[in-house]
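Novice: My questions all concern the structure below.
The values are calculated or read from the model by the stated rules, or taken from the named source; none is laboratory data. Bear in mind the structure is a predicted one, so any value in this text is a computation, not a measurement. Neighbour counts are summed over all protein chains in view; Cβ atoms, including those assigned to glycine, are modelled from backbone coordinates with ideal geometry. Areas reflect the complete protein model, heavy atoms only, side chains present, ligands, DNA and RNA absent. Shrake-Rupley method; radii C 1.70, N 1.55, O 1.52, S 1.80 Å.
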Amino acid sequence: QDQRQLRRDRLPVVASAAQHPVRTAVLAVGALGAAAAIWGIGIERHLYTLRRHTVAVLEPGSEPIRVLHISDAHMAPWQRRKQAWIASLAALRPDLIINTGDNVGHVDGLRGVRAAFAGFRGIPGAFVHGSNDLYAPSPRNPFRYFMGPSKQTPKEQRLDSDAMDTFFTTTLGWQNVNNAAASVEVRGHRVNLFGVSDAHRHWDRLDVLPGLIDQLRDADTDLDGDGHADPEADPHPLSIGVTHAPYRRVLDAFTGAGADIIFAGHTHGGQVCLPGFGALVANCDIPLKQARGLSSWRRFGHTAALNVSAGLGHSIYAPVRFACPPEATLITLVPRDA
C-alpha cells in the first residue's frame with residue numbers, strides 16, 4: 001500500500017515535466033549558449049595555433065623557402081599573451097615573413113606590435129595595410145556583417161601609421177608593398193613581391209600593378225643596372241602577391257599578373273563559425289569556402305596558390321572566436337617536381 005501511494009505521489013511530477021517541453025528546450029539552449037560564450041570569449045580566442053602547409057611552386061632544383069604568414073593581430077597594449085606567442089615564432093627561423101595587415105587594434109597598440117615583432121629583425125619580409133593600421137577600431141553591430149561587407153564609420157580616430165611603417169621598414173627591414181612592388185633575395189632565390197593597400201576601403205590601386213610588374217621583370221634581367229641582360233639573373237623568380245582583403249578583383253589581378261602564391265587576411269576565417277560548416281561571413285566577396293586556409297585561384301589560364309589567414313586577433317569590441325582559433329601559418333615552398 002505504501003508503494004502504491006508513492007507511485008501516485010510521483011505521477012504529478014512526471015506529468016508536470018511532460019507539460020513543459022518548451023521550457024526544458026529553452027533552458028537547454030540557454031545552457032548551450034552560455035557554454036559556447038564561455039568557450040569563445042574565455043578560452044578559444046587565446047588558443048594560438050600554428051598551421052603548416054607545403055606548396056609546390058618553385059622551379060626544379062630550388063632550395064625550399066619557409067614563409068611565415070602573420071595577419072590581423074589587432075594588437076592592444078594589454079594583450080601580453082598574444083605578444084609573447086607572436087614573439088616565440090622567431091624561433092621557427094623563417095626565410096621570409098608576409099604580414100597582411102590590421103596589426104593595430106587600439107590607439108596604443110603599437111607598443112604591443114613592437115614587443116611582438118622585435119625578434120624578426122633581419123628576416124626579409126613584406127607588409128600591407130589593413131584599415132586598422134590607419135584608424136582605431138570602433139563599436140559595430142556584429143549582425144550587420146550578415147548584410148554585407150562592413151562600412152566605414154563617420155568618425156574614426158587616426159593612428160600613427162607612419163611610426164608603424166618606420167618600425168617595419170627601418171627596424172625590421174621589411175618591404176612596404178602598399179600599391180608597390182619590391183624584390184628580395186631569399187636562400188639564393190630572387191623573390192618578387194607586389195601588393196595593394198586595403199581593398200576593403202578601396203585603397204587598392206590595381207591600375208598601377210602592370211607597371212610595377214614590368215619594372216620587376218626589367219630588373220630581373222638587368223641586375224647590375226647597365227641596361228644589358230645579366231647572365232647571372234634568375235630566369236624564373238618567385239612572384240608573391242600580398243593583400244589585406246581578398247576581394248575577387250584583387251585575386252584576379254594578382255593571378256593574371258603571374259603570382260605564384262597570394263597571401264591575404266581580413267576575413268578572420270569568419271571568426272564565429274559553425275563546426276563542420278565553417279565561416280558564415282567573410283566581410284568581402286571571396287567564396288566562403290575560401291575564407292580561411294590554403295586553396296587556389298584561377299584566372300586568365302593561370303593558377304595561383306592562395307592562403308587566407310584567419311588571423312591572430314579580433315576587434316576589442318568583439319572579443320570572441322568560436323570554431324576558428326587564432327592562427328599564423330608556416331608555408332614551406334618547394335620545387336614543383338618535389
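Novice: Give the accessible area for residue 131 in Å² (nearest 10); use a 1.4 Å probe, count only protein heavy atoms, and leave out ligands, DNA and RNA.
Specialist: The accessible area comes out at roughly 20 Å².
Novice: Same structure, new question: Got a number for the accessible area of residue 39? Probe 1.4 Å, square angstrom, nearest 10.
Specialist: 100
Novice: If 220, 337 are ordered by their accessible area, calculated over protein heavy atoms with a 1.4 Å probe, which sequence runs from highest to lowest?
Specialist: 337, 220
Novice: Now for a separate question. Say each of residue 22 and residue 170 gets a label point 7 Å from the Cα, pointing the same way as Cα to Cβ; how far apart are those two points in nm?
Specialist: Roughly 6.7 nm, to one decimal.
Novice: Between the stretch 17-74 and the stretch 92-107, what's the alpha-carbon centroid distance in Å?
Specialist: Centre-to-centre (Cα) distance: 20 Å.
Novice: In addition: Over the stretch 238-282, what is the relative contact order in percent, taking alpha-carbon pairs closer than 8 angstrom and at least six residues apart?
Specialist: Once divided by the residue count of the stretch 238-282, the mean separation gives 37 percent.
Novice: Counting only heavy atoms of protein chains, what accessible area per residue, in Å², does the chain have with a probe of 1.4 Å?
Specialist: Normalised by residue count, the accessible surface of the chain is 49 Å².
Novice: When the gyration tensor of the chain is built from Cα positions, what are the square roots of 5 times its three eigenvalues, in whole Å, from largest to smallest?
Specialist: Values for the chain, descending: 47, 21, 19 Å.
Novice: Go through 268-281, 199-212 and give me the packing order, highest mean Cβ count within 10 Å leading.
Specialist: Result, highest mean first: 268-281, 199-212.
Novice: Roughly speaking, what is the stretch gain from residue 108 to residue 63, that is 0.36 nm per residue apart minus the C-alpha to C-alpha distance, in nm to one decimal?
Specialist: Extra length from residue 108 to residue 63 when fully extended: 12.1 nm.
Novice: Heads up, I need the accessible area for residue 267: 1.4 angstrom probe, whole protein in place, Å², nearest 10.
Specialist: Looks like 10 Å² after rounding.
Novice: Same structure, new question: Placing one identical point scatterer on every Cα of the stretch 249-306 and ignoring solvent, what is log10 I(q)/I(0) from the Debye formula at q = 0.16, 0.17, 0.21, 0.24 Å⁻¹?
Specialist: Evaluating at q = 0.16, 0.17, 0.21, 0.24 Å⁻¹ gives log10 I(q)/I(0) of -0.50, -0.55, -0.77, -0.92.
Novice: Another question, then. Of 171, 100, which has the most accessible area with a 1.4 Å probe, and how do the rest follow in descending order?
Specialist: 171, 100
Novice: Separate question: Can you tell me the length gained on complete extension of the stretch residue 201 to residue 41, counting 0.36 nm per residue apart and subtracting the Cα distance?
Specialist: Computed gain between residue 201 and residue 41 is 54.8 nm.
Novice: Here is a further query. How far, in nm, would the chain grow between residue 31 and residue 160 when pulled straight, counting 0.36 nm per residue and subtracting the alpha carbon separation?
Specialist: Here the answer is 42.1 nm.
Novice: Still on this model: Under the rule of -39500 (n - 2.57) per DSSP H run of 4 or more residues, summed and divided by the residues of the chain, what mean residue ellipticity at 222 nm is obtained, to the nearest 500 deg cm²/dmol?
Specialist: -8000 deg cm²/dmol
Novice: Compute the distribution of all C-alpha to C-alpha distances in the stretch 17-128, in bins of 10 Å from 0, and list the percent of pairs in each, rounded to whole numbers.
Specialist: Percent of pairs per bin, in order: 12, 31, 23, 14, 10, 7, 2, 0.
Novice: Kindly provide the trypsin sites (Lys or Arg not before Pro) of the stretch 231-338 that DSSP labels as loop, not H, G, I, E or B, and whose Cβ sees at most 13 other Cβ atoms within 10 Å.
Specialist: 336
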